[in-house]
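Please read the structure below before turning to the comments.
The values are calculated or read from the model by the stated rules, or taken from the named source; none is laboratory data. Just so it is clear, the model here is predicted, and its values are computed rather than measured. Every residue, glycine among them, receives a Cβ derived from its backbone with ideal geometry; neighbour counts consider all protein chains shown.
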Amino acid sequence: MYPAPFCYHRPGSLKEAVGLLSELGEAAKPLAGGQSLIPILKLRMDEPSDLVDISRLPGLHFMQNDDGNVRIGALSTHALIGRSDLVGAVPILGDCANGIADPQVRARGTIGGSVSSADPSCDWPTLLHTLDAVIVCHGKAGVRTVPIREFIRDSYTTVLDDAELVTEIRFKVPPANSGGAYIGFKKSAPAYPTAAVGIQLTLADGDVCQQVRLALGAAGPRPVTSDEAENLLRGKVLTSELLKQAAEAIVEASDPPADARGSSDFKRAVLRSLFMQAADRAIERAAGTQIMGNHEYV
Ligand SMILES: Cc1cc2nc3c(=O)[nH]c(=O)nc-3n(C[C@H](O)[C@H](O)[C@H](O)COP(=O)(O)OP(=O)(O)OC[C@H]3O[C@@H](n4cnc5c(N)ncnc54)[C@H](O)[C@@H]3O)c2cc1C
């Protein structure tokens with residue numbers, strides 16, 4: 001199907017883009033890589049009056065690590081992030097970026113678009129919860145930073161105003177003796193994950209868990225976190241019995257929808273299994289082992 005007619009705009013600067021969006025009002029939409037928005041338009045699930053193409057705006061295609069402070073421009077594509085030096089410092093980024101869809105989608109889709117879409121099946125929002133990332137937003141009123149935990153309100157709903165754009169994602173490189181892993185369960189590479197688990201932890205004094213962040217994806221309207229599960233692990237030696245208890249606690253907090261990818265119970269079973277695999281991988285990485293990440297395919 002063809003999208004409904006719309007006016008196309010290509011502003012030359014961030015200021016111009018924000019001005020245009022503000023002038024056009026809520027019926028206008030920013031267009032980045034188009035890998036979520038264009039399919040939605042073709043299915044006529046949305047019919048915006050205007051598309052404001054931000055994909056070539058200067059100043060939003062960058063990735064940097066300044067003394068452990070990571071900044072990723074909103075227009076950085078999944079492919080560029082997956083091939084970047086950042087993956088050496090934060091391997092969980094590679095797990096996520098290189099497992100999204102296929103090379104065509106990874107070459108066009110952006111981290112800013114993924115976060116802004118707040119699609120419960122998108123990988124970046126879940127992963128960024130494990131890094132306590134902060135989202136930088138530019139709007140008419142200026143710049144504000146919003147923690148990822150507050151940024152996504154509900155499925156497909158963020159705190160962004162109509163004329164506000166995500167410009168950057170920030171987080172800190174985890175300290176020494178840290179390891180993370182992000183694993184999605186997929187029917188095939190170009191499919192969204194049926195379920196996904198992200199774990200980022202720091203070990204101290206041998207095997208004691210000093211810090212941990214856990215998140216589940218495609219397991220509810222927004223990424224699922226659990227203070228209870230994290231508190232079970234913090235300050236303890238990570239035995240498989242304890243990890244199973246934590247898996248149970250966070251899966252209990254989830255609400256995976258039954259759909260063509262499986263029943264809710266099936267997805268909960270997948271989440272438990274992915275959790276244990278991700279925990280093993282994160283612990284091994286925290287101990288210094290270099291492991292390539294990979295998703296699980298049916
Ligand atoms: C076949 C296929 C398979 C896919 N599989 C996966 C997968 O396995 N995992 C996964 O995570 N994703 C998957 N995706 C989605 C893909 O990753 C998208 O690239 C991403 O979700 C959106 O990024 P985009 O740059 O394409 O955004 P767009 O499609 O251009 O925009 C998405 C939404 O965000 C808004 N937007 C975009 N950028 C900004 C910004 N900077 N500020 C404010 N609003 C903005 C747009 O208005 C729109 O509402 C898949 C897509 C396809 C087509």
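Just a few scattered comments:
- The residues in region 171-187 that are buried (at least 17 other Cβ atoms within 10 Å of the Cβ) and of a type in the set (Lys, Arg) can be counted, and the count is 1.
- Residue match in region 12-29 (condition: modelled with pLDDT of 95 or more, surrounded by fewer than 17 Cβ atoms within 10 Å (Cβ to Cβ) and under 20 Å from the mean Cα position of the chain (by Cα)): no
- Single residue of region 96-120 satisfying the filter (more than 6 Å from the ligand (Cβ to nearest atom) and surrounded by 21 or more Cβ atoms within 10 Å (Cβ to Cβ)) that is farthest from Ser22 (Cα to Cα): Gly99
- Apart from one condition, Ile291 fits all of (1) touching a strand residue (DSSP E or B) at 6+ places or on another chain (Cβ under 6 Å); (2) under 21 Å from Val87 (Cα atoms); the exception is (1).
- Among the residues of region 209-257, the one identified as in contact (Cβ under 8 Å) with a residue 40 or more places away in the chain and more than 20 Å from the chain's Cα centre (by Cα) is Leu238.
- Residue match in region 60-67 (condition: within 12 Å of the ligand (Cβ to nearest atom) and surrounded by fewer than 18 Cβ atoms within 10 Å (Cβ to Cβ)): yes
- When residues of region 72-85 are limited to those that are among the hydrophobic types (A, V, I, L, M, F, W, C) and buried (at least 21 other Cβ atoms within 10 Å of the Cβ), the one farthest from Val166 (Cα to Cα): Ile81
- Flag for Ser178 being small (Gly, Ala, Ser) and touching a strand residue (DSSP E or B) at 6+ places or on another chain (Cβ under 7 Å): yes
- For region 1-18, filtering for residues that are in a helix (DSSP H, G or I) and either aromatic (Phe, Trp, Tyr) or without any contact (Cβ under 8 Å) to a residue 60 or more places away in the chain (or both) leaves 2.
- Elements of type strands (runs of 3 or more DSSP E) contained in region 121-205, each with 2 or more residues being touching a residue at least 24 places away in the same chain (Cβ under 8 Å) and touching a Lys or Arg at 6+ places or on another chain (Cβ under 8 Å): 134-139, 152-154, 165-172, 178-186, 195-204
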